[in-house]
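Scroll down for the structure; my scribbles are underneath it.
Quick note: the coordinates plus some simple rules give every number you see, no bench work behind them. This one's a predicted model, so the numbers in the text were calculated from it and none came from an experiment. Counting neighbours? That spans all protein chains shown, and the Cβs are built from the backbone with ideal geometry, glycine included.
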Amino acid sequence: MSEIAQLRTVWSGVAGSPYYTNVFIEPTIGSDLQTCANAWKSFLGDVDANCTTTLTWTLQNEVSIIESTTGQLVGADTITGGTGTGSASGDPLPRATQLLVQWKTNAIVNGRRRHGRSFIPGLIETLNVAPGVPSGTVTAATAAQAGGFITACDGAFIIYSPTHRSFSPVTAATVWDQWAQLRSRRD
């Protein structure tokens, strides 16, 4: 029996929002919950420099506590959340076109490597380079910022599988060199 915490970020201010990004933390195997929340806010603050000025994000103060082996909500905790706003000027990309951060673990489950994904909405058109892919500058910077988040959490940032009722610590992050199309956010 292990309890994990779900940090929820709500994105708003652009067409189709609100969007949600969930991050899971298991603080008994690494940094404490607030340290990871602060690192997540720092990551979002770095990323929003490439997002349209109409996009805002809010890391909620209330954290859901989930019993990992059942998937049931068993409590709540609080953190000092935060907010931020995009600071890039220019036309935003279509709402379904987003930057994809791929979170890697060393776990193999049912013959497949466990991994997670986070979609970063609201990036601007000038980051789209020929032949219609994210610029290498934005992918490299976002990958470095994601690596900083992983390091700050010291093993507590996890990928949780509700299907298998288990989790694994994140060991690395990559940023896809193509734009991701999040189907639930299509026009």
Looking at Ala5, Ala15, Ala107, Ala37, which is the one that is in contact (Cβ under 8 Å) with a residue 40 or more places away in the chain and assigned to a loop (DSSP other than H, G, I, E, B)?
Ala15
Enumeration of residues in the range 110-149 that are surrounded by 19 or more Cβ atoms within 10 Å (Cβ to Cβ) and in a helix (DSSP H, G or I)
Leu127, Val138, Thr139, Thr142, Gln145, Ala146, Phe149
Would the range 92-102 turn up any residue that is closer than 22 Å to Val10 by Cα, surrounded by fewer than 17 Cβ atoms within 10 Å (Cβ to Cβ) and within 14 Å of the chain's Cα centre (by Cα)?
yes
Condition test on Gly84, is it touching a strand residue (DSSP E or B) at 6+ places or on another chain (Cβ under 9 Å), surrounded by 14 or more Cβ atoms within 10 Å (Cβ to Cβ) and free of Cβ contacts under 8 Å to residues at least 60 places away in the same chain?
yes
Are there any pairs with C-beta distances below 9 angstrom linking a residue in the range 149-164 that is under 14 Å from Ile66 (Cα atoms) to a residue that is acidic (Asp, Glu) and part of a loop (DSSP other than H, G, I, E, B), with the two at least 6 apart or on different chains, and if so which?
Ile158/Glu26; Tyr160/Glu26
